[in-house]
1. Evaluate the range A:49-64: report whether one residue or more is in a helix (DSSP H, G or I), more than 14 Å from chain B (Cβ to nearest Cβ) and either open to solvent by less than 30 Å² (accessible area, probe 1.4 Å) or among the charged types (D, E, K, R) (or both).
2. Only one of A:Val85, A:Val149 is touching a Leu at 6+ places or on another chain (Cβ under 9 Å), away from every other protein chain (no Cβ under 14 Å) and farther than 21 Å from A:Glu267 by Cα; which?
3. What is the one condition in (1) modelled with pLDDT under 85; (2) not in a loop (DSSP other than H, G, I, E, B) that B:Ala46 does not satisfy?
4. Give the residue, chosen from A:Gly157, A:Gly127, A:Gly51, that is closer than 30 Å to A:Thr237 by Cα and free of Cβ contacts under 8 Å to residues at least 12 places away in the same chain.
5. Of A:Gln69, A:Gln19, which residue is in a helix (DSSP H, G or I) and surrounded by 15 or more Cβ atoms within 10 Å (Cβ to Cβ)?
6. Return the residues of the range A:67-92 that are in contact with a helix residue (DSSP H, G or I) (Cβ under 9 Å, 6 or more places away or on another chain) and without any contact (Cβ under 8 Å) to a residue 60 or more places away in the chain; say none if nothing qualifies.
7. Taking B:Val392 as the residue in question, decide whether it is away from chain A (no Cβ under 12 Å), crowded, with 19+ Cβ neighbours inside 10 Å and within 30 Å of A:Ser182 (Cα to Cα).
Amino acid sequence: MLLTSIKRLKSMGIIGMNQRNFGLVSRYNPRRLYPLVDDKLKTKQLAQQAGITVPKLLGTLHYQHDVKQLKNILNPYQEFVIKPVKGSGGKGILVITEQAHNLYYKPSGDAVRLTHIERHVSNILSGLHSLGGKPDSVMIESLIHIDPVFANYSYEGVPDLRVIVLKGYPIMAMLRLATHASDGRANLHQGAVGVGIDIDTGEALHAVQYGDPVYHHPDTRKPFHDLTVPHWNKLLTLAAACYEITGLGYLGVDIVLDRDHGPMIIELNARPGLSIQVANFAGLAPRVAAVEALIQVDPDPRVRVEFSKKNFAAVRNLFRSRRKISQSVQRSLSLTVS
Amino acid sequence: MQAQARLYSAVLLIFFIGIGLILYKHLALGFPLMPDDKKFVWTIEAKIDFQAQGDPVIISLALPPKEPNLTFMEEDFASSDYGFSELTSNNERRGQWSKRTAKGAQTAYYRLSVYENDKLVEDQPIDEPEPPKKPELDEVFLTASMTLLEQVRARSANAEIFTRELIQTLNSKSPNQNQRLLRNDKAGEDYKTNLILDLLALEGISARVVRGLFLEDGRRRQSLTNFVEIHDGNQWILFNQDTGKSGKPKNFLIWQHGGQSLLDVVGGKNSQVSFSIIKNTHSTRNLVVNSSQNKQAAIIDFSIYSLPIEQQNAFKMILLLPIGALVVVIMRILVGIRTSGTFMPILIALALIQTTLVTGIVIFLIVVGTGLMIRSYLSRLNLLLVARISAVIIVVITIIASISIISNKLGLSQALTVTFFPMVILAWTIERMSVLWEEDGPREVLIQGAGSLLTAIIAYLFMTNRTVEYLTFNFPELMLVNLALILILGQYTGYRLTELYRFHTMGKRHAVDKH
């Protein structure tokens, strides 16, 4: 029983935690480069220098006594996001969508006072959300506006796209959708939905919540089978380019689609998790092997994206059949109407 | 790949050094591998009585030879007013007591504590036999001897069988005329020994008498028993002269090889020696440590045993830590259990050792539970991190003090052991779990808390195992073996046990898809 399931996972090319730590993270990511991605301010600077779009930085706070200036910094903006610079996994992020009469409104509609925001900022500064409890800084960014394509695919949070980039080649991608169960966050183990995305076309392949397959968003009931990520080529190229700016060989690139500014890099991760395999219903191992077999890494991200699209296209799309059915149903419906 | 080869060879080296040291200590120094290994220590007292006649007295007693498979713990030559010296000559040890004048009944004692060790013994050079001397016998006796020898020779193929046959024939229950003449039933033990030696000499077989003591607990006034030893050209073979059985019997201490006298007394008469025997049981490990220290074996002399007892006890604990670390490595890498703080489980396990299992777990749950409740209030006070943790430390100490006092009033003395929990670690655990609660919810706290406790309990069970405790303390070399194991586990890239569950849906539907 045990051995057969090990064999089955192996045959699917599923990579386990030990294999990831040993064969990918410690092999391709030199420790000294971690600060580039663990510090979101540095990541942002690097990305900007490379001409990659990132959310606009509205302000930063570094010391506890800066907290007093918070009101002045926030004053000009109606909407903003407060983030810990060294946070991980979406921890400590506070989103404000409206400011009126000294009250700040969260996406859920809850109003909070300035003191609440000040305490949140102070907590971040004293290291509540950083790795190992080290003192942290706070960054305030412009709010991202959800792209209409995803309008009914997310509950409260902005969907983000996680692309795994190995030696500059995007090898797997998934869309993370916040749900009511995940409390508006995009963490899969908290109940967010992970949607595997075809590297070739940007179409949804397969979706899971808590590891089990789902066919529509649990809160909005919107089916996934006609979900296609727009700007797909540009998005992959952006992700691929992150290899050059960080030097990290095994990278998780988190991208959001903004209504006005298109794809933006919001975070890079030197230790991306493995749930992406469950969302895609595919193992990473064969794709890792294909990239490792390359003699030379092409310096042009666009060429690398072409390689990935050709080699890592989904063999079969579990949703495509549903898509055809739904199209034919619509057609027949419109026929009967006419 | 080269780095990997280097690592594996280092691992092998470390592993074999560790195993080698353990084997050395076990085989060469006799360290037992099990804590309950016991040895019988025989204390033998030889008492020499004689009547002194007012002249200078010299007493000379043969002492047992120091054979490699015997460990002599103690030799004592207590006799009042006598000077003592030990003489060694011709592979024989003799003790010599002396006094200028003595009169009346005199007594001298020789006391020996000895046990049989388990060391592997290299072949010892054996003492070469002297060529047999033809005995001088009268005609009748010689004829009877020759007839007997002829009979025996006809039934034997070599010296060993010959000797056995000879002894059995001489001891036969229905002796014929010849045998009766030779063996002279009225004569004593020594007569029989000499007879056998004479007959063997006539046959041209080198032989000698061996005197020894059957070790039996509580025996007094014992005397030595004669055995016959022959040399078959390669080695000495011991024979019981009453049964013809060869080999050394169990619990038989050889006191003297060869025909020299056992006891000589100059200046005294009516001398006699008698033996009393006492058996004691000792832990093998203590015996070995003592004897190795006496011999200054470097590996023992420069070891934990040379420390004062108090430090030794501290090390007993410290040497258990690597076992805990190994458990954590296995639980995290092979099983994939999440714990809060990598090595927190070991510290909990250490505390559990002091408090016993159930009491410890109950106390731990009470302290952490109460701490979490108070911490949730602290988080509303809007404190800086360091101040908050310091506050939690004070809270933990208060909780621990309250538990001690309340349980003392209630008469629950076990709960007083609460002070063995590392308080700063508990405070950190509470802090981390409380942050985890806020960020990831109570489910994650439960998973990590249960994981930590499970790992701690498994580590505790290993660390309190008597055999494990014994082995880690007496064979610190085990740490090298442990290190090698951990290095190998660090290379494991297969699935964790929990991942089989994490990815289980994939495996299942994959199988369905194939149909």
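1. Checked the range A:49-64: no residue is in a helix (DSSP H, G or I), more than 14 Å from chain B (Cβ to nearest Cβ) and either open to solvent by less than 30 Å² (accessible area, probe 1.4 Å) or among the charged types (D, E, K, R) (or both).
2. On inspection, the qualifying residue turns out to be A:Val149.
3. (1)
4. A:Gly51
5. The match here is A:Gln19.
6. Of everything in the range A:67-92, those that are in contact with a helix residue (DSSP H, G or I) (Cβ under 9 Å, 6 or more places away or on another chain) and without any contact (Cβ under 8 Å) to a residue 60 or more places away in the chain turn out to be A:Val67, A:Lys68, A:Leu70, A:Lys71, A:Ile82, A:Lys83, A:Pro84, A:Val85, A:Lys86, A:Gly87, A:Lys91, A:Gly92.
7. Values: away from chain A (no Cβ under 12 Å): yes; crowded, with 19+ Cβ neighbours inside 10 Å: yes; within 30 Å of A:Ser182 (Cα to Cα): yes.
Yes, satisfied.
Residue by residue, here is whether (1) of a type in the set (Val, Ile, Thr); (2) buried (at least 16 other Cβ atoms within 10 Å of the Cβ); (3) closer than 27 Å to B:Asp118 by Cα holds:
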site	(1), (2), (3)
B:Leu63	no, yes, yes
B:Glu67	no, no, yes
B:Phe72	no, no, yes
B:Ser79	no, yes, no
B:Gly83	no, no, no
B:Thr88	yes, no, yes
B:Gln96	no, yes, no
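The values are calculated or read from the model by the stated rules, or taken from the named source; none is laboratory data. Just so it is clear, the structure is predicted and the values come from calculations on it, not from any experiment. Positions of Cβ are backbone-derived with ideal geometry, glycine not excepted, and every protein chain shown enters the neighbour counts. Please note that ligands, DNA and RNA were not included when accessible areas were found on the heavy atoms of the full protein model with its side chains. Shrake-Rupley method; radii C 1.70, N 1.55, O 1.52, S 1.80 Å.
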